Amino acid sequence: MKTTWLIALLLLANSLSAQPRKHGIGLTLSGGGAKGLAHIGILKAIDSAGLNIDYLTGTSMGSIVGGLYAAGYSADSIEKIARSIQWEGLLSNTISMRSYTMEEKSEFGKYALELPFSKGKIGLPSGFLESQELWLTLEQYFFPVAQVRDFRQFSIPFSCVAVDLVSAEPKAHRDGSIVAAIRSSMAIPGAFSPVDINGRRYVDGGIIRNLPVQECLDLGARYMIGVSVSTPVEKLEELNTAVQVLGQVMFLNEPKDSREQAKLCQQFISVPMGSYGAASFASAADIIDLGIAEGRKYYPLFKRLADSLRRADPNYQFRTQRLPAVPNYRVAAVEVKGVDKVAEATFLRQIEARTQTEVDFRRLQNNTRDAFAYRMYKSIVYDVEPVSDSAVKLIYQVKPESPTIIKLGLSENSFTRFGVHANITSRNLLLPSSRTMLSLNIGDNFRGLFEHLQMFGYRQPWSHRLQVYSEYQDVPDFQGERRTGIYSLRYFTIDNRLQLSAKRRSAGGFGLQWENIRAKPQIESGLYFDGSNQYWQVYGFWQFNNTVRPQYPDRGTIADVKLSYVFGLRPNFEVFRDGVSQGSIENAGIEFGNYPRLQLALQNTAPLGRRWAWISKLQSGINFSRNVSLLNNFFGGGMAHTFRNQIQFAGLREGELSAESMAAVHLGPRVRPFGNFYLSLAAAALHQGFVKKTSEIRTASWALGSALTAAYLTPIGPAELSLMASDQAKGLRVYFNFGFPFR
């Protein structure tokens, strides 16, 4: 009866207003980080009930979900968007690896710490997430209303709340850039960078006004539905870490304010979130499901409210198709903010900015990602500002990155053991449109890499790469399963290549490489050799990579093919037996000569469902020679890429197999039961020695293996533990790997 009388009063007020279609139903969605995805389930129940929302406000994640709904997206559409987003990549300082050039993909995400280096001093990390991919994602989905500067003109009048960092007062954003407004509403201090709007600096609205009911009433609402996913701290045990205590202090006033705001609602819904927290984005799908289940409980309430409005208003109809058509904009001018004139000219070349042309959001997104992928900017934000009925000004707000960055990472492996990866990368140091870097692996096995990449202009497909690489590695020598010796290999190469990139997914070209390898025995027994070999190879190559991240992608293909011709061999070996010299390899009757060579690596990840994927992997190395290659053979074994000429094989340790021709296949499922934890099962088969050598008596052979791997993706790299078995070895073996490979 109370609801019926209230509806009657709303209709009476509506009949006297200038907006006959609105009945004063307001909806407020609280902040809560990942927990805010549960709001989608409440919106789905509202849509199913056919209830029109007339005014909407939100904070933080509530501003994102609510803003999309107010802009015109249905709850079903928002659910599809939320389920398709890669949340881990969205909430980071980078963009999808797919947007990077092939040269940059090899360095993607390898380092735990990146520090700016300028004027001889190492700076400190800002501690902020600029969240470039978040900006781009918001710009993509809000593009249909980007030209609407007054949020009250959306299909549902909308405002979102941030906090003015100077005045410490809540600010209800009702106009301007919708993307900047929402981004400011979720700028958690210490995590996300603050957002500057009209000379003021804003942070997350949840600090003061996590449930902005009053702001919805200020828009014109007269019947309020409030939804909160915020879970107050109830137990002392929930404040055991510095991060938890800091978060509690930061939002200390939020529970009290939310209780006061909740009193302004006719219907207040508190969604029980269980063990999910603000950072539980790895469980995004589960949180959405939880919200849908909770929404079903409130469907009868929303249905009764909608039915009451229908009985009282014969013209009442549920509004669908509220989203405007995605427009194309004619760009009358381009403005770049945040950089000097020289950097502005470079940036405009990178985005191919032109005026008097029509652009859609896909082109703007691609141009922005392409420019960001040069790793010269912390963030790039674009906005469209109407200058006439048919044209807009395209405005870019750019935050430049330091030209020189120092990077640090860690690795630990059963074979290569512990290492610290140190890298210094400088952009445009020697020449414009270039990247110069030096990388070192400091630990049990030294690695060193110098590389200069020279592009022939921004957005040009051709580039030149000069690379100098050195690798020190102890490699065991096996006779069957028994280790009979160990060699210290010292490898050095200079590689010079010209390449053509296509759509940032593939690259191909040709090059000339000089290699030198020194082998010194550590155990002087039996038949062994001591010496070095050097040679040239001219080669053609092709690479492909369309995955979104380097480790454990949910889909995509990685391919690397190199066909070369090895020539100019200059071996210098002495053959020994039990410490006694048998003379040079020439005296020993060992023949050698030029030969073609093929190296192939292919990996495909095919999704089988939300949590399952099928992994197919092929590696092969073939020396097409009737003679031995003299230290250029292939080594089978190991679960991770650790050194040159390795063919990974589940079941054996690195180097347990050695041959001039080798191919290995791994097949098996992978599942992500929760969060960033993965379980993989791989069955493997390896074929070796299938290219017959004149001097060899042995025939081609097969090996079978398998591995069960548990992995957890940490912020500084994957931690992997494998149990391996093989028909070539007795019992189970344990293999551990942490971090990213050096090269």
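A straight chain from residue 375 to residue 326 at 0.36 nm per residue would run longer than the Cα-Cα distance by 14.6 nm. Exposure check, 1.4 Å probe, all protein chains in place: residue 514 carries approximately 50 Å² of accessible surface.
Of the solvent-accessible surface of the chain, computed with a 1.4 Å probe over protein heavy atoms with every protein chain present, carbon and sulfur atoms account for 57 percent. Looking at the range 334-405, the DSSP beta bridges with both ends there are about 70 percent antiparallel. Accessible surface for the range 105-206, divided over its residues, is 40 Å² per residue with a 1.4 Å probe. Taking label points 7 Å from Cα along the Cα-to-Cβ direction, residue 303 and residue 719 give a separation of 4.9 nm.
Stretching the chain fully between residue 470 and residue 150 yields a gain of 109.2 nm (0.36 nm per residue, less the alpha carbon separation).
Ignoring lysines fewer than eight residues from residue 730 along the same chain, the ones with Cα atoms less than 27 angstrom from its Cα are 617.
Gyration tensor analysis over the Cα atoms of the range 584-743 returns equivalent ellipsoid semi-axes of 34, 15, 15 Å (largest first, whole Å).
Between the entries (1) 15, 41, 29, 13, 3, 0; (2) 15, 36, 37, 11, 0; (3) 14, 37, 27, 15, 6, 1, 0, the label attached to P(r) over Cα pairs in 20 Å bins from 0, in percent calculated for this structure is (1). Ligands, DNA and RNA are left out, and with a 1.4 angstrom probe the accessible area of the range 562-654 is 45 Å² per residue. With the dipole of the chain worked out from charges on the C-beta (+1 for Lys and Arg, -1 for Asp and Glu) around the Cα centre, which of 72, 314, 287 lies farthest toward the positive end? Result: 314, furthest along the dipole toward the positive end. Computed over protein heavy atoms with a 1.4 angstrom probe, the accessible surface ordering of 567, 143, largest first, is 567, 143. Proximity of backbone amide H atoms, modeled 1.01 Å from N, is registered between residue 146 and no other residue at under 5 Å, excluding neighbours fewer than 5 places apart on the same chain. Calculated mean residue ellipticity, 222 nm, the chain: -6000 deg cm²/dmol, from DSSP H runs (n ≥ 4) at -39500 (n - 2.57) each, averaged per residue and rounded to 500. Once you reduce the range 80-127 and the range 161-188 to the center of their Cα atoms, the two points are 25 Å from each other. Taking trypsin sites (Lys or Arg not before Pro) across the range 642-708, the ones in a DSSP loop with at most 11 further Cβ atoms lying within 10 angstrom of their Cβ are 698. If the chain between residue 412 and residue 117 were fully stretched, how many nm would it gain, using 0.36 nm times the residue separation less the Cα-Cα distance? Computed gain between residue 412 and residue 117 is 103.5 nm. Reducing the range 337-394 and the range 649-720 to their Cα centroids gives an inter-centroid distance of 46 Å.
Within the straight-line cut-off of under 18 Å between alpha carbons, the aspartates and glutamates reachable from residue 503 are 103, 104, 352, 370, 560, sequence neighbours fewer than 8 places apart in one chain being disregarded. Label points 7 Å out from Cα along the Cβ direction at residue 667 and residue 310: separation in nm? Going by the 7 Å Cα→Cβ label model, 5.5 nm. For the chain, the Cβ-based charge dipole about the Cα centre amounts to some 1160 debye (Lys, Arg positive; Asp, Glu negative; other atoms uncharged). May I ask you to derive the FRET efficiency for residue 618 and residue 516 from their Cβ-Cβ distance with R0 = 35 Å, giving the value to the nearest 0.05? The value I calculate is 0.75. How would you classify the range 279-400 from its alpha-carbon gyration tensor, with a ≥ b ≥ c the square roots of the eigenvalues: rounded for a/c under 1.5, else prolate if a/b is greater than b/c, otherwise oblate? In terms of gyration-tensor shape, oblate. With the simple spin-label model, which puts each label point 7 Å out from Cα in the Cβ direction, the residue 360 to residue 590 separation comes to 6.3 nm. Annotation: lysines with alpha-carbon distance below 19 angstrom to residue 110 (same-chain offsets under eight excluded): 378, 407.
The mean accessible area for residues of the range 340-413, using a 1.4 Å probe and ignoring ligands and nucleic acids, is 46 Å² per residue. Between residue 542 and residue 674, the C-beta separation translates, for a Förster distance of 45 Å, into a calculated FRET efficiency of about 0.75. Within the chain, antiparallel bridges make up roughly 90 percent of the DSSP beta bridges whose residues both belong there.
The values are calculated or read from the model by the stated rules, or taken from the named source; none is laboratory data. A quick note: this is a predicted structure, and the numbers were derived from the prediction, not measured. For neighbour counting, all protein chains shown are included, and Cβ atoms are generated from backbone atoms with ideal geometry for every residue, glycine included. Accessible surface areas use protein heavy atoms only, side chains included; no ligands, DNA or RNA. Shrake-Rupley method; radii C 1.70, N 1.55, O 1.52, S 1.80 Å.
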